[in-house]
């Protein structure tokens, strides 16, 4: 019999007509009434952290405050993850982290990624995977991986969750979310919708001391900026997984994100006021098709995936004497295929191939204001086009004995970059065409050993090589303005940064994890600041060498039956060696990060959390950042027979999250800076889970089909 399913993916419905000559077993497709269990309500609260051998899994539902936060703020509360004042992510001290959504790269620059994460309500995230030593199957790009898994139910029927959050600081903020899943033995249609609107501010006070050749103070200037950010973002993700037969599963996914910024900067230099306005619109569309098939009963699997992404951005910057217009269009095409071949019950081989193509077209329109006559001056337009092609192949094998496990992998990536651009008059000379071709090898090693027969104590040794390619935002040679006295400029001649990392880790059940790691970086991509006519110009360049030692400890303690304490302590020593034209960059620092989190389960309907973080002195963009701390708290009351909840939260209780920086390595200039943000916020959120939580009795074949769908 021919069956027809209507699958609305994103904004358009797709009619899928499927002939089923190879049906699922009858016991899987025919669900009698007596095979449905009664409604199940889960009242157990998941732990925040779950430690696996190769990754740490963060269960976001365990964060009460997630309902009043967006995804970027949730990441900021995740142990090991740091979000700096520019919304750049780092994991256990390493920047250049690659963020995945449901296992797929986003291909967005740091500012655009931050804008996208703000559009995702925290309630739409199921879990976060922190992968510090990715196996060869993953792209070699990024010093580490953070994978956000969005919610999609595995319970039959229509199920979902509705969330609404509001918080108030100096300005209001709200985020709304809806997760909806329709699940049958053959079909799962899942949707995530989010809307975010916020107004926030930063206040920047900088004292600039200009020095003579003897480094004696000559001129002191006070620069004060107050920036008001107004943002609106919304996004929708809709996907479908269809089990064609007992061996093959097909998948489609569409994601659309739209956001606007309307920012105003009021700044004063020695109390002389001026105003700077910035507006931006962003659109991001991603389409995915995938297939997974089991070739035989022995476990051989073949999968394939195709991705198509479009990104569009329009940015305006207006000052008193000029206007900038910066349109950007980017297209991304990727294809990859992976093969798994079991070698008995405890060994297997994996191999795969991936090809990606990126094209970015940009324009820089500069229009001066004619101050002596009304109207605008003559516009100057500068193009910048960029193309990147990457072809990659990998092979890896793993073997498990009684206590010892070994995984070896090798990934090869061939990269071809070429571009064309012309610098503005404020640049470093005209750029015509540039080209880079290189082949890099990325080995991975993973050894695990169970110290006892029960597997409660495990010792893990890991080593790998990673690459940070300069993204398209950093390679654009044009000047962007933070304000009238702080510029940012791209660099089309940036080389990739290479990192070698070695780590040894001990794990005791789920309550203790301690690790020591060493990382060595070559060609570090670092924003180097220079002073030109009282203006600080920051341009990303390759610094010779960076090294980092990290000691990381995470402990989960059950104080009593209603109180759990989680502690994360990270001590690291890092330094940069400039050389190669950067003799002023030669500095190191001993740093510490402490995260404490208390979870209280007073009853089945009352829960609370209280936590905080402390960051010691840090090195950040040719400056030392002084120590900083914050505290937060939340309380939750479950209602509607535990299907709903009301949550109250407060962020930065003592309003202590203030960045205090002092520069180093600037020629004849010292900058003392204090940066305040709208960090103290009081929030209220409501969440409601709906749908009949009926769990069917499934045969092993159907369970395996569900596992396959989860891997797509």
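The values are calculated or read from the model by the stated rules, or taken from the named source; none is laboratory data. Please read all numbers here as calculations on a predicted model, not as lab measurements. Cβ sites come from the backbone with ideal geometry, for glycine too, and all protein chains shown count toward neighbours.
Details
- From the options 42, 81, 88, 99, residue that is closer than 27 Å to residue 229 by Cβ and at pLDDT below 85: 88
- Residue satisfying all of: in region 120-138; touching a helix residue (DSSP H, G or I) at 6+ places or on another chain (Cβ under 8 Å) and either outside any helix (DSSP H, G or I) or modelled with pLDDT of 90 or more (or both); nearest to residue 444 (Cα to Cα) among these: 128
- Enumeration of residues in region 333-346 that are modelled with pLDDT under 95 and in contact with a strand residue (DSSP E or B) (Cβ under 7 Å, 6 or more places away or on another chain): 343, 346
Each row is one residue, and each column tells you yes or no for (1) closer than 30 Å to residue 406 by Cβ; (2) within 28 Å of the chain's Cα centre (by Cα); (3) in contact (Cβ under 8 Å) with a residue 24 or more places away in the chain.
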{"position": "283", "(1), (2), (3)": "no, yes, yes"}
{"position": "286", "(1), (2), (3)": "no, yes, yes"}
{"position": "339", "(1), (2), (3)": "yes, yes, yes"}
{"position": "346", "(1), (2), (3)": "yes, no, yes"}
{"position": "366", "(1), (2), (3)": "no, no, yes"}
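- Residue check, residue 178 without any contact (Cβ under 8 Å) to a residue 60 or more places away in the chain, in contact with a helix residue (DSSP H, G or I) (Cβ under 9 Å, 6 or more places away or on another chain) and surrounded by fewer than 19 Cβ atoms within 10 Å (Cβ to Cβ): yes
- Condition check for residue 635: at pLDDT 95 or above and either more than 25 Å from residue 61 (Cβ to Cβ) or in a strand (DSSP E or B) (or both): yes
- In region 149-166, residue surrounded by the fewest Cβ atoms within 10 Å (Cβ to Cβ) [restricted to those that are outside any strand (DSSP E or B) and in contact with a helix residue (DSSP H, G or I) (Cβ under 9 Å, 6 or more places away or on another chain)]: 154
- The set of residues in region 139-151 being touching a residue at least 60 places away in the same chain (Cβ under 8 Å) and closer than 22 Å to residue 184 by Cβ consists of 150 alone.
- Within region 85-94, the set of residues being more than 11 Å from the chain's Cα centre (by Cα) and surrounded by 19 or more Cβ atoms within 10 Å (Cβ to Cβ) comprises 92, 93, 94.
- The set of residues in region 207-223 that are without any contact (Cβ under 8 Å) to a residue 24 or more places away in the chain and not in a strand (DSSP E or B) comprises 214, 216.
- Restricting 228, 219 to residues that are at pLDDT 90 or above, within 23 Å of residue 486 (Cα to Cα) and out of contact with any helix residue (DSSP H, G or I) (no Cβ under 7 Å at 6 or more places or on another chain) narrows the list to 228.
- Checked against the criterion of being modelled with pLDDT under 95, in contact with a helix residue (DSSP H, G or I) (Cβ under 8 Å, 6 or more places away or on another chain) and assigned to a strand (DSSP E or B), region 407-426 contains one or more residues that satisfy it.
- Test: residue in region 550-572 that is assigned to a loop (DSSP other than H, G, I, E, B) and within 30 Å of residue 666 (Cβ to Cβ): no
- Qualifying residue in region 262-277 (condition: surrounded by fewer than 16 Cβ atoms within 10 Å (Cβ to Cβ), over 23 Å from the mean Cα position of the chain (by Cα) and more than 30 Å from residue 206 (Cα to Cα)): no
- Failed criterion for residue 209 (all others in (1) closer than 17 Å to residue 534 by Cβ; (2) touching a helix residue (DSSP H, G or I) at 6+ places or on another chain (Cβ under 6 Å) hold): (2)
- Residue selected from region 539-557 under the condition under 25 Å from residue 473 (Cα atoms) and buried (at least 17 other Cβ atoms within 10 Å of the Cβ), by the criterion modelled with the lowest pLDDT: 544
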